[in-house]
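**Student:** My questions will all concern the structure given below.
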Amino acid sequence: MAKIKVEFACTACGTSSPRWVGKCPGCGEWNTLVEEVVSSSSPRQRTAGMPDFPASRPVRLTEVAETASSRTSCGIGEFDRVMGGGVVPASATLLGGDPGIGKSTILLQAARGLARHGKPVLYVSGEESEAQVKLRASRLGVTDAGIYLMSETSLERILSATGELSPGTLIVDSIQTVFSSDLPGAPGSVGQVRECAARLTYFGKKAGVSVFLVGHVTKEGAIAGPRVLEHIVDTVLYFEGEKGHPYRILKAVKNRFGSTNEIGVFEMRAEGLTEVADPSGMFLSERSDETSGTVVFPAVEGTRPLLVEVQALVSQSFLAMPRRTTLGVDYNRVILMCAILEKKAGVSLYNQDVFVNVAGGIRVDEPAADLALCCAVAGSFKDRVIPPGTAVFGEVGLGGEVRAVPMAEMRLNEAAKMGFSRVVLPASNAERLGAKFPLELLPVRHVKEALSRVAGK
């Protein structure tokens, strides 16, 4: 008989503790430890349901055959872009997102394209019956015979069915519903999620099956379960979107086979998710050229340039501590830019509320947005409209100096493509680029000079 003991596992990082403590000793989070029953099972029990694969042996690097890692397209250009050009065989991908954001929808649509490459796709749902999944598939127009449905939560039965079918792709929706009978704890517990994900990933790599795992997210937006879950898989995708907004953004935060921070833009319609061919045009479609405090910033997400609108609203504060509110941009970065504007550019914000937003629901984290933030805040404070057709980018140092940023040429090409005529940029970037763009380049060396430029002075 297996020996039973009780441990406390952190739901954030998976750290185990012999007793409950308020603060996790691993990650420092509070009130994240939950009780779990642990049994010291034998190795045979721990691998129940796992097919027997040949034992691995050490191989010289020079003996490993070089094979072209041919990717499989899912027929959705934006999805393939985020994946790095398609799905890599035997890879493991974790897809997270809020409830109702469209995780199941996009994977069903991807399954349609993957099934057309000759190998079947097994879609396993632990939350819906086969009839319910079929109902959604019919609405999306997914009727391919190469897609197999299975309503199951037992890991052993999922592995057995996958071994018999030998699909090219396995989709598990969701990993929090899967459990193994030889592991203690309920489905969704730290131990169950960690072990089930590890076994599915191991199976996929040994059997040559591409595995997609759907993961629920916490109220903070992180994938629920132990942090090690993101380390086990090859690719981690987040599907994001604002409530009441039809646009969705698929973002890669980890990709062993492609660029990180790559994004794909979709629009949710009645017939499912459709690709947005021109994201820059979409983000700027409702922009007004007559409003102060708005600046167009040429962002770069992964390998994709995007024009986004940075908005700022500055108003007199009647509070002892003026408010600083941000959406789509780092809060601390905005605080830093406000301090630089006050100290180096003479913009008095000590008694002003400052609200900053990036339109379209996209998030901008790169330092290249610093100059656009400064221009938006200063423009709103002085109630001055930036001339139409002007884009702004550049990193701002603590001394107010404007520093060069990477991929300047890509940003300028996107601005020119979208019909912009003037770009305010770091002087060092302008010197390296020369005069090969059909744009009026306005090089600046200091944030005060940039404010004068965008005001047309």
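**Student:** Name the residue, out of Val265, Val296, that is among the β-branched types (Val, Ile, Thr), under 22 Å from Gly86 (Cα atoms), at pLDDT 90 or above and in contact with a helix residue (DSSP H, G or I) (Cβ under 9 Å, 6 or more places away or on another chain).
**Tutor:** Only one candidate qualifies: Val265.
**Student:** Six or more apart or on different chains, Cβ under 7 Å: which pairs go from a residue in segment 305-327 that's touching a residue at least 24 places away in the same chain (Cβ under 8 Å) and surrounded by fewer than 19 Cβ atoms within 10 Å (Cβ to Cβ) to one that's assigned to a loop (DSSP other than H, G, I, E, B) and of a type in the set (Ser, Thr, Tyr)? Could you list them?
**Tutor:** Here the result reads Arg323/Ser317, each pair linking segment 305-327 to a residue that is assigned to a loop (DSSP other than H, G, I, E, B) and of a type in the set (Ser, Thr, Tyr).
**Student:** I'm trying to understand the selection: among the residues of segment 121-142, which are over 20 Å from Val193 (Cα atoms) and surrounded by fewer than 20 Cβ atoms within 10 Å (Cβ to Cβ)?
**Tutor:** Of everything in segment 121-142, those that are over 20 Å from Val193 (Cα atoms) and surrounded by fewer than 20 Cβ atoms within 10 Å (Cβ to Cβ) turn out to be Ser129, Glu130, Ala131, Gln132, Lys134, Leu135, Arg136, Ser138, Arg139, Leu140, Gly141.
**Student:** Filter segment 205-224 for residues that are modelled with pLDDT under 95 and either farther than 14 Å from Gly97 by Cβ or not assigned by TED's automatic domain parsing to the domain that holds Val172 (or both) and give the result.
**Tutor:** Lys205, Lys206, Ala207, Gly208
**Student:** Just wondering, is there one or more residues in segment 160-169 that are in contact with a helix residue (DSSP H, G or I) (Cβ under 6 Å, 6 or more places away or on another chain), modelled with pLDDT of 90 or more and either assigned to a loop (DSSP other than H, G, I, E, B) or assigned by TED's automatic domain parsing to the domain that holds Leu122 (or both)?
**Tutor:** The answer is yes; a qualifying residue exists.
**Student:** Looking at Ala416, Ala345, Ala430, Ala391, which is the one that is of a type in the set (Gly, Ala, Ser) and under 26 Å from the mean Cα position of the chain (by Cα)?
**Tutor:** Ala391
**Student:** Still on this structure, please answer the following. Tell me, please, whether a residue that is at pLDDT below 70, touching a strand residue (DSSP E or B) at 6+ places or on another chain (Cβ under 6 Å), in a loop (DSSP other than H, G, I, E, B) and loosely packed, with under 15 Cβ neighbours inside 10 Å can be found in segment 3-24.
**Tutor:** Checked segment 3-24: no residue is at pLDDT below 70, touching a strand residue (DSSP E or B) at 6+ places or on another chain (Cβ under 6 Å), in a loop (DSSP other than H, G, I, E, B) and loosely packed, with under 15 Cβ neighbours inside 10 Å.
**Student:** Would you confirm whether any residue within segment 282-291 is closer than 24 Å to Val172 by Cα and either buried (at least 20 other Cβ atoms within 10 Å of the Cβ) or more than 16 Å from the chain's Cα centre (by Cα) (or both)?
**Tutor:** The answer is no; no qualifying residue exists.
**Student:** Give Gly400, Gly434 a once-over and let me know the one that is modelled with pLDDT of 95 or more, at positive phi and surrounded by fewer than 20 Cβ atoms within 10 Å (Cβ to Cβ).
**Tutor:** Answer to the check: Gly400.
**Student:** For Val358, indicate whether it is touching a helix residue (DSSP H, G or I) at 6+ places or on another chain (Cβ under 8 Å) and aliphatic (A, V, I, L, M).
**Tutor:** Considered against the rule, which asks whether it is touching a helix residue (DSSP H, G or I) at 6+ places or on another chain (Cβ under 8 Å) and aliphatic (A, V, I, L, M), Val358 comes out as no.
**Student:** Given (1) under 23 Å from Glu267 (Cβ atoms); (2) of a type in the set (Phe, Trp, Tyr); (3) not in a helix (DSSP H, G or I), where does Phe79 come up short, assuming only one miss?
**Tutor:** Going through (1) under 23 Å from Glu267 (Cβ atoms); (2) of a type in the set (Phe, Trp, Tyr); (3) not in a helix (DSSP H, G or I) one by one, Phe79 breaks only (3).
**Student:** Looking for whichever is buried (at least 16 other Cβ atoms within 10 Å of the Cβ) and of a type in the set (D, E, K, R) here; the options are Glu409, Glu366, Glu440. Which one fits?
**Tutor:** The match here is Glu366.
The values are calculated or read from the model by the stated rules, or taken from the named source; none is laboratory data. Every value quoted in this text rests on a predicted model; they were computed, and no experiment measured them. Cβ coordinates were reconstructed from backbone atoms using ideal geometry, including for glycine residues, and neighbour counts include every protein chain displayed.
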